[in-house]
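Notes to accompany the following structure.
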Amino acid sequence: MMSLQLELDAVAEQIKQKAPPAALASIEKANDELAKSPLANLALKIGDSIPAFELPDASGKLIKSADLLKQGPILLTFYRGEWCPFCNVALKGLYDYLPAIKAKGANLIAISPQTPDYSAISQNNHAPKIPVLSDLGNKVAREFGLVFTLSESLRPIYSSFGIDLTAHNGDSSFELPVPATYLISSNGIVLERFIDVDYRKRIEPKTALSWLEKI
């Protein structure tokens, strides 16, 4: 099976071939600025307790973290939304390992700031058998320390790509979570984490599985 990063690199190359050079330059500049921020160092770390949360799934049903934790460890992945091709590849990559994740006694949960309607698209297309939760206003992502505001220079570029964040997220904040994946113990403690402010880099599913093998 191809590594996830090779798949993500292929997506990046496709975008590079199609996007105007000026847009690519603006994207790289914004990425560099975000990389220089302290965001990754401020996010929840190994040994921290996660905040309790209650979020709607794609059908609108409220899902409580306390109920999930009663079932065992959680592999929790934050992604930007179904509009992001990198997020879709990464979510599908983790989902392909769902039987192995379940075999280790864990649940795979996905969270994004998009509305339940858009979460339903993510779920139907990439992860039909797991809870895909809507974190409207990035309230939970903020408590994890993952939220940033999309650079104003990128907003018209996203729009030119057909990405309407205000429609997807149901607000005009232009806030997004840094993609991140956490392994959380059944008592709510962070056991492992993967965070990279470069949205083109995500955890390899095999790495996430190796986390579970340790417990």
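No value in this document is a laboratory result; all are computed from the given coordinates. Source: prediction; values computed, not measured. For neighbour counting, all protein chains shown are included, and Cβ atoms are generated from backbone atoms with ideal geometry for every residue, glycine included.
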Please work out how much length the chain gains when fully extended from residue 189 to residue 3, using 0.36 nm per residue of separation minus the C-alpha to C-alpha distance, in nm with one decimal. 64.1 nm
Which whole-Hz couplings ³J(HN,Hα) result when phi for each residue of segment 179-191 is put into the Karplus expression 6.51 cos²θ - 1.76 cosθ + 1.60, θ = phi - 60°, listed in order with x for Gly and Pro? x, 7, 10, 10, 9, 10, 6, 5, 9, x, 9, 5, 9
Considering only segment 1-119, percent of DSSP beta bridges that pair antiparallel, nearest 5: 40 percent
Over the chain, the sum of -39500 (n - 2.57) across DSSP H runs of at least four, divided by residue number and rounded to 500 deg cm²/dmol, gives at 222 nm -12000 deg cm²/dmol
Please give the net charge around residue 189, taking every other residue with its beta carbon less than 14 angstrom from that of residue 189, where Lys and Arg add +1 and Asp and Glu add -1. +1
If you take every residue apart from residue 162 with its C-beta less than 14 Å away from the C-beta of residue 162, what net charge results, scoring Lys and Arg +1 and Asp and Glu -1? 0
Run the numbers on segment 1-98 and let me know its relative contact order in percent, using alpha-carbon pairs under 8 Å that are six or more apart. 28 percent
Counting DSSP beta bridges in the chain, what percent are antiparallel, to the nearest 5? 70 percent
What residues from segment 125-141 fall in the zone where the backbone N is under 14 Å from a label point 7 Å along the Cα-to-C-beta line of residue 102? 127-131
Measuring from its Cα centre, the chain shows a charge dipole (+1 at each Lys and Arg Cβ, -1 at each Asp and Glu Cβ) which, in debye to the nearest 20, is 420 debye
